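Here is the structure we will look at, set down as structure tokens.
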Protein chains: 2
Amino acid sequence: MTELTVGELARRTGVAASALRYWDTVGLLPATRVSGQRRYPESAVALVGAILLLRDAGFSLEEQKALAAARPADPGEWRRLARRKQAELDDQIATAQAARDALDHALRCGHPDVHDCPTFRAIAAARLSGKPLREAHTHH
Amino acid sequence: MTELTVGELARRTGVAASALRYWDTVGLLPATRVSGQRRYPESAVALVGAILLLRDAGFSLEEQKALAAARPADPGEWRRLARRKQAELDDQIATAQAARDALDHALRCGHPDVHDCPTFRAIAAARLSGKPLREAHTHH
DNA sequence: CAACCCCTTCACGTAGGCTTGAAGGCAAGA
DNA sequence: TCTTGCCTTCAAGCCTACGTGAAGGGGTTG
């Protein structure tokens, strides 16, 4: 009754059914079975929301699995993971902000070609001796 | 003299030579040839800095090619692209900030299990009716 | 001449998170 | 019974931005 099929959950969340099946097979969002078919409780809708939120936060599916496993069992570990990711998010925000500011300057400074703008050049040059950041993102 | 080989440019910028060759083959950072070998002007160092910066900004290599093509030829188009990406960055920052705040709340609110926290549930629920954002990122 | 070092191309591998297609099952309605 | 519609599995493909390894060229030094 209150059980949803993949298709219904897909419709309610906007997540493709194929993705939900994938999440089931990798163990991120397990489903029960009724005569071979996946069934999800109503509460799965909220779970999907949380998954999307954490995905936006930059948690990979593997990380989310680790998080989900640690959540009820080991609150200390959960907090540790959360804090680590929070730091990553701070880096990410700072970098995005820097890039945004660089674009902002390029749009405002009036130079017809950005590469003629000394400020832009300075920011770009700083990037060469700066933090890689992509490695933090590429890292698994 | 002032011409650099891939290896030298790699050393000066910290970017792998294989990556620089790749950037050449896809047309992002073209090199001239001297008896078959790639040669880059000194100014390429600054270009690499700009490429890294824009990459951080979320420009894909394809987007950067479009950007580079529009830069000297069509400043209006350049500004259009820059503004569009700026808007994307704003979205990205807002989302990252929301995720960060959600984690922050989860860490502070004292609920042993985040899913018991009504605030967290509300944020996650909001994500379901929010902007996909991933589509903007998946789009080319 | 050989050693060395850097360069070349080409093809394939990798990772993450799915999507797509083929081939088929099961239950309700006409 | 046949059709409709939603479900299943499995294999393979896709996308980005490279990394890797093989096989070979070329120039300088000892």
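The values are calculated or read from the model by the stated rules, or taken from the named source; none is laboratory data. No experiment lies behind these values; they were computed from the predicted model shown. Note: ideal-geometry Cβ built from the backbone for every residue, glycine included; neighbour counts use all protein chains shown. Quick note on the areas: whole protein, heavy atoms, side chains included, nothing else; ligands and nucleic acids left out. Shrake-Rupley method; radii C 1.70, N 1.55, O 1.52, S 1.80 Å.
Structure values in brief
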read-out	value
Single condition residue A:91 does not satisfy, out of (1) over 29 Å from residue B:87 (Cα atoms); (2) open to solvent by 40 Å² or more (accessible area, probe 1.4 Å); (3) in the same structural domain as residue A:127 (by TED's automatic domain parsing)	(1)
Residues of the stretch A:12-41 satisfying the condition of being within 14 Å of chain B (Cβ to nearest Cβ) and either assigned to a helix (DSSP H, G or I) or within 12 Å of DNA strand C (Cβ to nearest atom) (or both)	A:12, A:13, A:14, A:15, A:16, A:19, A:20, A:29
Flag for residue A:31 being within 14 Å of DNA strand D (Cβ to nearest atom) and open to solvent by less than 50 Å² (accessible area, probe 1.4 Å)	yes
Options B:9, B:53, B:81; residue that is open to solvent by less than 20 Å² (accessible area, probe 1.4 Å), part of a helix (DSSP H, G or I) and without any contact (Cβ under 8 Å) to a residue 24 or more places away in the chain	B:53
The stretch B:43-65, residues that are of a type in the set (Asp, Glu) and in contact with a Leu (Cβ under 7 Å, 6 or more places away or on another chain)	B:56
Which listed residue, of A:70, A:44, is at pLDDT below 95, buried (at least 17 other Cβ atoms within 10 Å of the Cβ) and part of a helix (DSSP H, G or I)	A:70
Identity of the residue in the stretch A:94-103, of a type outside the set (Gly, Ala, Ser) and within 7 Å of another protein chain (Cβ to nearest Cβ), that ends up most open to solvent (accessible area, probe 1.4 Å)	A:97
Of all residues in the stretch B:104-132 being open to solvent by less than 40 Å² (accessible area, probe 1.4 Å) and assigned to a loop (DSSP other than H, G, I, E, B), the one that is modelled with the lowest pLDDT	B:130
Residue check for residue A:113: more than 14 Å from DNA strand C (Cβ to nearest atom), at the interface with another protein chain (Cβ under 7 Å from one of its Cβ atoms) and more than 27 Å from residue B:105 (Cβ to Cβ)	yes
Where residue A:10 falls short, out of the listed (1) more than 19 Å from residue B:104 (Cα to Cα); (2) away from DNA strand D (no atom under 16 Å from the Cβ); (3) not assigned by TED's automatic domain parsing to the domain that holds residue A:127	(2)
Residue check, residue B:70 among the small types (Gly, Ala, Ser), within 13 Å of DNA strand D (Cβ to nearest atom) and not assigned by TED's automatic domain parsing to the domain that holds residue B:14	no
